[in-house]
Amino acid sequence: MRAMRAETFSGYQGLKLIELPKPAVADGKLLVRMTAAGVTPLDHTILSGKFHGSKAPLVLGNEGAGVVEKGGGTDFPGGSRVMFFGAYGAFEDGTYGEWVAVRKEDLCLIPDNVDDVSAAGIPVAYLTAQVALTLAGFRAGKTVLAPAIGGSIGNAVTQLARALGAKHAMSSTTNHAKAEQAKALGFNEVIDTSLEKLGDGVRRITNGYGADIVIDGVGGEVLSEALGVLALGGNVTTLGYSASRQTTIDVTNLIVPQASIRGLNMFAQPNASIRAAWKVIVSLLKSGAIKPIVAKTFPLAEAAAALRYLVEGRPFGRVVLTI
């Protein structure tokens with residue numbers, strides 16, 4: 001089979017198109033013929049040699065969509081369209097290939113109204129978003145901020161929070177064109193930080209109340225600013241660092257509102273949490289209340305270009321490989 005494998009963790013040039021044997025199905029795994037694979041910032045982090053535990057050579061990609069070939073039993077019979085996320089592409093060969101051996105518990109049936117390309121970009125963003133909202137104590141009527149509306153986490157959290165009854169589902173962007181694009185897509189509580197500060201935007205939208213919940217997938221100074229917009233008893237979940245792994249925290253932003261901050265590692269989440277999240281996500285996908293946004297697709301052989309486009313082009317929406 002064809003696969004894009006990181007022969008070395010040395011940046012884009014380390015990614016090569018090679019031929020590998022089709023994966024063997026054992027230990028409760030199913031054979032999935034891949035149709036599309038999501039491209040994520042984690043793929044770039046691993047390829048750059050900045051992720052703990054990953055070892056080259058490694059086929060990248062920890063999410064995707066495909067068709068079950070065999071081994072699925074009654075839950076996932078042959079021919080079932082499925083999407084999935086897991087340790088693939090980080091600690092074992094992943095989705096940048098024509099076939100993957102997938103653990104049954106990682107699979108989710110793709111709703112009929114969702115195409116494979118869109119499905120490939122759903123698992124990481126929406127599972128992370130839903131698990132983060134649940135752990136943060138989200139319920140209808142809460143005020144939520146998820147910076148970076150064009151990014152996978154920011155967009156997914158905003159969509160989920162809005163669909164689940166948030167009083168405010170806010171996001172932000174540093175790019176005026178993205179702010180206008182967000183409005184055209186129906187995201188009406190996006191703060192254009194080229195025109196106003198993040199904190200000023202949150203206070204404007206909430207009439208001074210602030211955010212009960214912040215889900216931050218950006219890191220850096222955005223995390224620092226987000227801490228300053230918390231409502232009384234609010235909380236921040238940090239789970240990404242595309243801007244920077246380092247930031248400066250004013251501890252009074254936690255002390256005064258008696259707020260809290262926590263980290264989230266999706267690889268450490270129990271299967272029960274993932275299944276509960278899938279249940280919510282699939283229901284909302286079927287109803288059309290949430291809809292993944294795909295910015296651009298690339299063929300498998302152009303995986304390095306796809307990663308470069310994601311990291312350097314900073315598109316509005318997901319980048320997906322077609323296989």
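The values are calculated or read from the model by the stated rules, or taken from the named source; none is laboratory data. Please read these numbers as outputs of a predicted model, since none were measured by experiment. With ideal geometry, Cβ positions are generated from the backbone for all residues, glycine too; neighbour counts draw on all protein chains shown. All accessible areas refer to the heavy atoms of the entire protein, side chains included, with ligands and DNA or RNA removed. Shrake-Rupley method; radii C 1.70, N 1.55, O 1.52, S 1.80 Å.
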Cα convex hull of segment 1-156: how many Å³ per residue?
-> 137 Å³
Distance in Å, no decimals, from the C-alpha centre of segment 124-188 to the one of segment 26-47 is 25 Å
The local net charge around Ala231, scoring Lys/Arg +1 and Asp/Glu -1 for residues other than Ala231 whose Cβ lies under 13 Å from its Cβ, equals +2
Relative contact order (%) - the chain, alpha-carbon pairs under 8 angstrom, separation at least six = 18 percent
Projected area averaged over all directions for the convex hull of the alpha carbon atoms of segment 158-223, nm², comes out at 4.5 nm²
Among Glu92, Glu180, Glu7, what's the order by accessible area (1.4 angstrom probe), most exposed first?
-> Glu180, Glu7, Glu92
Specify the inter-centroid distance of segment 4-23 and segment 261-293, based on alpha-carbon positions, in whole Å.
-> 30 Å
Express the Stokes-Einstein translational diffusion coefficient of segment 177-323 in µm² s⁻¹, to the nearest whole number, given a Kirkwood radius over alpha-carbon pairs, 20 °C and a viscosity of 1.002 mPa s.
-> 120 µm²/s
Taking only Cα atoms, what is the 0 to 90° angle, nearest 10, from helix 271-287's long axis to the longest principal axis of the chain?
-> 80 degrees
Identify which of Val117, Val311, Val218 has the largest mean-square fluctuation in a Gaussian network model of the chain, with springs joining Cα atoms closer than 10 Å.
-> Val311
For the residue pair Lys183 and Leu195, what label-to-label distance in nm results when each label sits 7 Å from Cα along the Cα-to-beta-carbon direction?
-> 0.5 nm
For segment 198-323, averaging the sequence separation of alpha carbon pairs under 8 Å that lie six or more residues apart and dividing by its residue count, the contact order in percent is 17 percent
Using a Gaussian network model of the chain whose springs link C-alpha atoms within less than 10 Å, name the residue from Thr40, Thr128, Thr252 with the highest mean-square fluctuation.
-> Thr252
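Out of every Cα pair in the chain, what percent are spaced more than 37 Å from each other?
Pairs farther apart than 37 Å: 15 percent.
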Provide the percentage of antiparallel DSSP beta bridges, counting only those with both residues in the chain; round to the nearest 5.
-> 55 percent
Let a ≥ b ≥ c be the square roots of the eigenvalues of the Cα gyration tensor of segment 134-245; is it rounded (a/c under 1.5), or, if not, prolate (a/b larger than b/c) or oblate?
-> rounded
Ranking His52, His168 from most to least accessible area with a 1.4 Å probe gives His52, His168
With every protein chain present, what accessible area does Glu19 have (1.4 Å probe, heavy atoms only), rounded to the nearest 10 Å²?
-> 130 Å²
Under a Cβ-Cβ cut-off of 13 Å, what is the net charge of the residues other than Glu98 that fall near it, where Lys and Arg count +1 and Asp and Glu count -1?
-> +1
Rounded to the nearest 10 Å², the accessible area of Tyr209 using a 1.4 Å probe with every protein chain kept is 120 Å²
Solvent accessible area, Å² - His44, 1.4 Å probe, full protein context | 50 Å²
Please find, in a Gaussian network model of the chain (springs between Cα atoms separated by less than 10 Å), the residue of Ile18, Ile149, Ile293 whose mean-square fluctuation is greatest.
-> Ile18
MRE, 222 nm, helices only [DSSP H, n ≥ 4, -39500 (n - 2.57), over the chain, to nearest 500] = -7500 deg cm²/dmol
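Work out the length of the dipole vector of segment 95-199 about its Cα centre, built from +1 on the beta-carbon of each Lys and Arg and -1 on the beta-carbon of each Asp and Glu, and round it to the nearest 20 debye.
Taking the Cα centre of segment 95-199 as origin, the dipole is about 520 debye.
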